[in-house]
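S.K.: Mind looking over this structure? Questions follow.
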Amino acid sequence: MKKILMLIVAVLAASNLSLAQQRQGFKKVKISGTVLDKDTNQPLEYATVSLQHTQRANLLTGGITDEQGAFEIEIFPGTYNIKVEYISFKSVEIKDKQIRGNMDLGPISLQLDVAALDEVEVVAERTQVEIRLDKKIYNVGKDLTVKGGTISDVLDNVPSVSVDVEGNVSLRGNDNVRILINGKPSGLVGLSSTDALRQLPADAIEKVEVITSPSARYDAEGTVGILNIILKRGKAQGLNGSVSVNTGVPDNHGASVNLNYRSKNFNLFNTSGYNYREVPGNAENNSENFFSDNRFIEEDRNFDRIRKGFNTNLGLEYFLSDKITIINSVFYRNSNNSSTTDNNTLRFDPNRALTSRSLRIDNEDEEDKTFQYSFNYSQNFKKDGHTLTVDFQVENSQEDEFSIITEEEFIAATPDELENVQTLEDQSRILLQADYVLPIGENAQFEAGYRGNFRELDTDFSVDTLNINTGVLDRDTNLSNRLIYDEDVNAFYSQFGSKVGKLSFLLGLRTEVTNVVVNQVTTNDVSTQNYTSLFPTVNLGYEFNQTESITFGYNRRIRRPRSRFINPFPSRSSEANLFQGNPDIQPAFTNGFDLGYLKRWKKFTFNGSIFYQRSTDVFQFITFTDPDQRTDNGDLINIRFPTNLSTNDRYGVEFTLSYSPYKWWRLNGNFNLFYSVTDGDFTFVNDDGDEFFQNFDNSNVSWFARLNSTINLPAKIDWQTRLFYRGPNENAQTKTQGLFSLNLAFSKDVLKDKGSISLNISDVFNSSRRRSETLTDFNFIDSEFQFRQTTARLAFTYRFNQSKRDSQRRNRRGQQQDFEEGEEFGRP
């Protein structure tokens with residue numbers, strides 16, 4: 001990195017001398033060539049070529065090779081010393097080269113410097129988390145605990161991010177986070193992001209960008225920020241890639257392949273994967289109903305789930321010229337899931353005498369299909385950084401669920417029940433996007449663009465119940481319904497960034513015009529929401545020196561209700577515990593402030609920030625028990641639904657630490673502490689017109705911490721340990737206990753470093769359980785939920801034409817490229 005900085009300074013210093021010589025009538029000539037890896041004969045991208053005049057030492061110029069390893073440098077005629085360098089390779093020097101006219105030096109081969117290789121590995125590990133003006137970048141390839149896992153496992157290891165036992169993703173303790181794939185909404189996330197993220201292989205991911213202060217270029221959706229998942233796409237010439245297979249206990253088997261073929265004119269890439277997983281889980285729900293004959297109810301649920309899925313992403317990147325690139329890609333996902341849920345319920349009277357026992361069995365089959373086509377046009381103009389990109393994306397998704405629910409009574413003389421529940425969801429989505437970037441001078445940049453998101457979701461929900469008199473299934477019109485949710489968002493943005501001395505700034509404004517139509521087909525009720533919102537963004541950075549800097553960010557964000565939040569018909573996941581949407585719910589807006597500090601020492605790095613967010617019309621999920629609604633067994637029915645409360649203030653502090661006490665031992669930790677204050681109250685009106693008032697004012701302190709330790713053992717074995725703890729938290733109704741988990745992973749390189757074998761164990765102590773207590777005016781509920789049990793996975797990865805040494809070289813090359821791109825403002 002220091003050599004790159006010296007080269008840049010030298011080039012700038014030489015520019016004045018070059019201009020003076022041009023004025024005196026001298027004419028420049030071009031010198032070109034290609035830099036190659038001597039062992040593989042592959043081109044070396046981002047190798048540095050420097051030329052120093054033998055008589056004028058201050059006349060120094062140079063350049064960097066492109067993807068084909070080629071370089072072309074303009075110089076004045078004369079005699080030069082030429083030096084070609086690349087990290088972890090021995091440099092090549094050409095002394096006293098006389099240059100009188102245009103000259104092609106031909107291929108220049110560099111030999112790997114074995115002695116320097118270990119040093120490169122240490123540097124790469126220390127830069128596992130990279131810092132930008134508006135985001136942090138987490139490089140996935142170095143994380144052993146996700147080998148053979150899924151995208152959900154990857155996110156659960158990313159600093160500032162946590163994934164709960166149900167798979168819900170949170171950023172800084174807030175679950176309203178926007179998830180993008182390669183900077184855009186994607187079918188990779190699917191209709192249900194929780195399930196989709198658990199089906200896609202971790203090996204498909206190159207890095208994850210954590211964007212807590214998004215610039216105006218990004219969607220304003222997601223009040224706490226954005227997670228941008230970047231997929232792998234090779235840059236090496238020829239055919240290269242990797243194949244991974246994994247197996248585990250409980251049954252957890254999968255295979256994935258990453259292939260890339262690159263030539264001078266095109267790049268063909270594909271990522272495909274298949275997985276089969278069995279996910280057993282369990283839950284307990286004990287409640288005390290204050291006004292019911294069934295005073296105490298004990299529910300014991302067991303889940304046996306099977307997840308089978310195939311996905312593939314095939315793309316062709318075509319280089320029309322050295323300035324214009326077109327990418328076409330298609331993505332297809334097909335998954336078939338099945339589950340059996342046994343719900344054993346015991347009911348007791350106020351004297352704790354058993355009054356009834358029932359067994360409710362829910363057999364569910366689910367079929368998910370997604371097809372997505374993407375087109376990207378990218379043009380680089382003559383001036384470096386002057387670009388135009390255009391994106392078009394169309395997607396169709398289907399998610400069909402079929403359930404047969406039976407309930408059998410063992411004590412009470414109640415007829416057995418049978419329900420047939422069907423949910424059919426069809427989603428179509430179109431994305432149009434254009435971004436234009438114009439450099440202004442050497443240190444400034446203007447950017448403008450448009451993005452249109454057009455989405456329609458059709459949900460058809462039906463419930464058929466067994467008529468005990470006729471013995472046939474009748475449609476339950478109180479539950480069956482169809483809802484069509486149509487959302488169009490047209491966004492326009494512009495932003496300007498510059499660097500003045502040590503100060504960098506990026507100022508932007510985004511306008512989003514939203515049109516929402518909610519068609520409740522069953523009741524023939526159509527409602528609309530039309531609103532225009534402005535979203536200003538400010539990102540500032542001040543660099544004291546190369547090792548110390550501060551950043552400040554401000555942005556305004558929005559949270560729009562999903563269709564499930566709007567649908568007023570209750571779900572049937574449980575007879576006594578229902579989820580019901582609210583058609584009157586409005587979007588929530590958030591203003592966020594973030595102040596960050598970064599300091600690097602030789603073996604230690606500290607990155608911390610403090611943040612504040614104020615939200616209006618925030619979503620609060622309320623549990624209400626209506627004393628007038630009961631099941632056939634006389635149980636009180638708990639209804640959970642979202643509503644807009646008044647305001648929410650969140651204060652927080654987080655920091656990430658990286659420390660390498662020895663060459664063979666690396667530590668990094670992440671700590672998040674946040675304080676939340678909610679003000680608001682709600683009045684619930686039941687079907688009889690009775691009003692029930694409840695105050696939801698609440699304050700809560702919570703935190704989570706993560707510690708990763710990586711130790712290089714003898715015999716090329718790496719050992720990684722991950723500790724995670726989420727502190728207790730509460731709202732006006734529910735208290736949730738703390739949660740602890742421990743993951744272990746071991747990895748060994750084999751087959752001359754072309755292969756790797758890894759073993760990882762998730763949740764070693766089987767302690768990842770959510771325990772909570774909910775208190776309402778009518779009952780007290782004590783619950784425990786475990787989505788999955790301890791899991792062990794064994795994975796094998798084989799790389800062809802892509803040895804581990806090449807991966808290390810690309811990691812270092814990526815760091816060099818990121819350094820250069822760090823001068824650009826607002827780029828995703």
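The values are calculated or read from the model by the stated rules, or taken from the named source; none is laboratory data. Keep in mind that what you see is a predicted model, and the values were worked out from it rather than measured. Backbone-built Cβ (ideal geometry, glycine too); neighbour counts: all protein chains shown.
S.K.: Output the number of the condition that GLU654 fails; it satisfies all remaining conditions of (1) over 26 Å from ASN176 (Cα atoms); (2) assigned to a strand (DSSP E or B).
M.R.: Evaluating GLU654 over (1) over 26 Å from ASN176 (Cα atoms); (2) assigned to a strand (DSSP E or B) leaves (1) as the failure.
S.K.: Return a yes/no flag: does segment 316-326 have any residue that is among the aliphatic types (A, V, I, L, M) and out of contact with any strand residue (DSSP E or B) (no Cβ under 6 Å at 6 or more places or on another chain).
M.R.: Filtering segment 316-326 down to residues among the aliphatic types (A, V, I, L, M) leaves 316, 320, 324, 326.
Keeping just the survivors that are out of contact with any strand residue (DSSP E or B) (no Cβ under 6 Å at 6 or more places or on another chain) gives 320.
Checking segment 316-326: at least one residue is among the aliphatic types (A, V, I, L, M) and out of contact with any strand residue (DSSP E or B) (no Cβ under 6 Å at 6 or more places or on another chain).
S.K.: All but one of (1) in a strand (DSSP E or B); (2) modelled with pLDDT under 90; (3) in contact with a Pro (Cβ under 9 Å, 6 or more places away or on another chain) hold for GLU408; which doesn't?
M.R.: (3)
S.K.: Taking the conditions exactly as written (more than 12 Å from the chain's Cα centre (by Cα), outside any loop (DSSP other than H, G, I, E, B), at pLDDT below 80 and surrounded by fewer than 22 Cβ atoms within 10 Å (Cβ to Cβ)), does ASP203 satisfy them or not?
M.R.: no
S.K.: Residue by residue through segment 519-552, note down the ones that are of a type in the set (D, E, K, R) and either surrounded by 13 or more Cβ atoms within 10 Å (Cβ to Cβ) or outside the structural domain of GLU456 (by TED's automatic domain parsing) (or both).
M.R.: Scanning segment 519-552 gives GLU543, GLU548.
S.K.: Residue check: is ILE761 farther than 27 Å from ASN700 by Cα, of a type outside the set (D, E, K, R) and part of a strand (DSSP E or B)?
M.R.: Details: farther than 27 Å from ASN700 by Cα: yes; of a type outside the set (D, E, K, R): yes; part of a strand (DSSP E or B): yes.
Taking the combined requirement at face value, the residue satisfies it.
Yes/no per residue for (1) basic (Lys, Arg); (2) under 20 Å from ASP342 (Cα atoms); (3) in a strand (DSSP E or B):
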{"residue": "SER378", "(1), (2), (3)": "no, no, yes"}
{"residue": "GLY385", "(1), (2), (3)": "no, no, no"}
{"residue": "VAL390", "(1), (2), (3)": "no, no, yes"}
{"residue": "GLU401", "(1), (2), (3)": "no, yes, yes"}
{"residue": "ILE430", "(1), (2), (3)": "no, no, yes"}
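S.K.: Mind checking which pairs have a first residue in segment 662-690 that is assigned by TED's automatic domain parsing to the domain that holds ALA705 and a second that is surrounded by fewer than 13 Cβ atoms within 10 Å (Cβ to Cβ) and not in a strand (DSSP E or B), Cβ under 6 Å, 6 or more apart or different chains?
M.R.: Filtered contacts from segment 662-690: ASP679/ASP697.
S.K.: So for segment 21-29 (the condition being in contact with an Asp or Glu (Cβ under 8 Å, 6 or more places away or on another chain) and at pLDDT 70 or above), does at least one residue qualify?
M.R.: yes
S.K.: Of all residues in segment 75-90, count the ones that are surrounded by fewer than 16 Cβ atoms within 10 Å (Cβ to Cβ) and either modelled with pLDDT of 85 or more or among the hydrophobic types (A, V, I, L, M, F, W, C) (or both). Show your work before the answer.
M.R.: Of segment 75-90, the ones surrounded by fewer than 16 Cβ atoms within 10 Å (Cβ to Cβ) are 77, 79, 90.
Filter once more, keeping what is either modelled with pLDDT of 85 or more or among the hydrophobic types (A, V, I, L, M, F, W, C) (or both): 77, 79.
Qualifying residue count, segment 75-90: 2.
S.K.: Whether any residue in segment 618-635 is at pLDDT 90 or above, farther than 30 Å from ASP460 by Cβ and in the same structural domain as GLN422 (by TED's automatic domain parsing) is what I want to check.
M.R.: no
S.K.: Report yes if some residue within segment 329-339 is in contact with an Asp or Glu (Cβ under 8 Å, 6 or more places away or on another chain), assigned to a strand (DSSP E or B), more than 24 Å from LEU231 (Cβ to Cβ) and free of Cβ contacts under 8 Å to residues at least 40 places away in the same chain; otherwise report no. Let's see the steps before the verdict.
M.R.: Residues of segment 329-339 in contact with an Asp or Glu (Cβ under 8 Å, 6 or more places away or on another chain): 333-339.
With the extra rule that they be assigned to a strand (DSSP E or B), the set shrinks to 333-339.
Filter once more, so that each one left must be more than 24 Å from LEU231 (Cβ to Cβ): 338-339.
Now drop any that are not free of Cβ contacts under 8 Å to residues at least 40 places away in the same chain, which leaves 338-339.
The answer is yes; a qualifying residue exists.
S.K.: Among residues belonging to segment 471-488 that are touching a residue at least 60 places away in the same chain (Cβ under 8 Å) and hydrophobic (A, V, I, L, M, F, W, C), point out the one that is surrounded by the fewest Cβ atoms within 10 Å (Cβ to Cβ).
M.R.: For segment 471-488, the residue satisfying everything is LEU479.
S.K.: Would you check which residues across segment 752-803 are at pLDDT 85 or above and of a type in the set (Asp, Glu) and list them?
M.R.: First, the residues of segment 752-803 that are at pLDDT 85 or above: 755-775, 780-786, 789-798.
Hits for segment 752-803 are ASP763, GLU773, ASP782, GLU784.
S.K.: Which one of the conditions (1) assigned to a loop (DSSP other than H, G, I, E, B); (2) under 28 Å from the mean Cα position of the chain (by Cα) does ASN469 fail to meet, given that it meets all the rest?
M.R.: All conditions pass for ASN469, except number (2).
Conditions tested, residue by residue: (1) aliphatic (A, V, I, L, M); (2) touching a Ser or Thr at 6+ places or on another chain (Cβ under 7 Å).
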residue: ALA448; (1), (2): yes, yes
residue: ASN453; (1), (2): no, no
residue: THR465; (1), (2): no, no
residue: ARG482; (1), (2): no, yes
residue: ASP486; (1), (2): no, no
residue: LYS499; (1), (2): no, no
residue: LEU540; (1), (2): yes, yes
residue: ASN545; (1), (2): no, no
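S.K.: Something else: Hey, any hits in segment 632-639 for a residue that's free of Cβ contacts under 8 Å to residues at least 40 places away in the same chain and either outside any strand (DSSP E or B) or surrounded by fewer than 17 Cβ atoms within 10 Å (Cβ to Cβ) (or both)? Working first, answer last.
M.R.: Let us first name the residues in segment 632-639 that are free of Cβ contacts under 8 Å to residues at least 40 places away in the same chain, namely none.
Within segment 632-639, none of the residues are free of Cβ contacts under 8 Å to residues at least 40 places away in the same chain and either outside any strand (DSSP E or B) or surrounded by fewer than 17 Cβ atoms within 10 Å (Cβ to Cβ) (or both).
S.K.: Next question. Let me confirm something: among THR678, THR721, THR656, which residue is β-branched (Val, Ile, Thr), in contact with a Leu (Cβ under 7 Å, 6 or more places away or on another chain), surrounded by 15 or more Cβ atoms within 10 Å (Cβ to Cβ) and farther than 23 Å from PHE624 by Cβ?
M.R.: So the residue among THR678, THR721, THR656 that is β-branched (Val, Ile, Thr), in contact with a Leu (Cβ under 7 Å, 6 or more places away or on another chain), surrounded by 15 or more Cβ atoms within 10 Å (Cβ to Cβ) and farther than 23 Å from PHE624 by Cβ is THR721.
S.K.: Mind listing whichever residues of segment 446-470 are exposed (fewer than 15 other Cβ atoms within 10 Å of the Cβ) and either at pLDDT below 90 or not assigned by TED's automatic domain parsing to the domain that holds ARG562 (or both)?
M.R.: Listed by number, the residues that qualify are ASN467, ILE468, ASN469, THR470.
S.K.: Report whether or not SER428 is among the hydroxyl-bearing types (Ser, Thr, Tyr) and buried (at least 17 other Cβ atoms within 10 Å of the Cβ).
M.R.: No.
S.K.: Residue by residue through segment 515-570, note down the ones that are assigned to a strand (DSSP E or B), among the aliphatic types (A, V, I, L, M), more than 15 Å from GLY596 (Cβ to Cβ) and in contact (Cβ under 8 Å) with a residue 24 or more places away in the chain.
M.R.: Across segment 515-570, the qualifying residues are VAL516, VAL517, VAL518, LEU534, ILE558.
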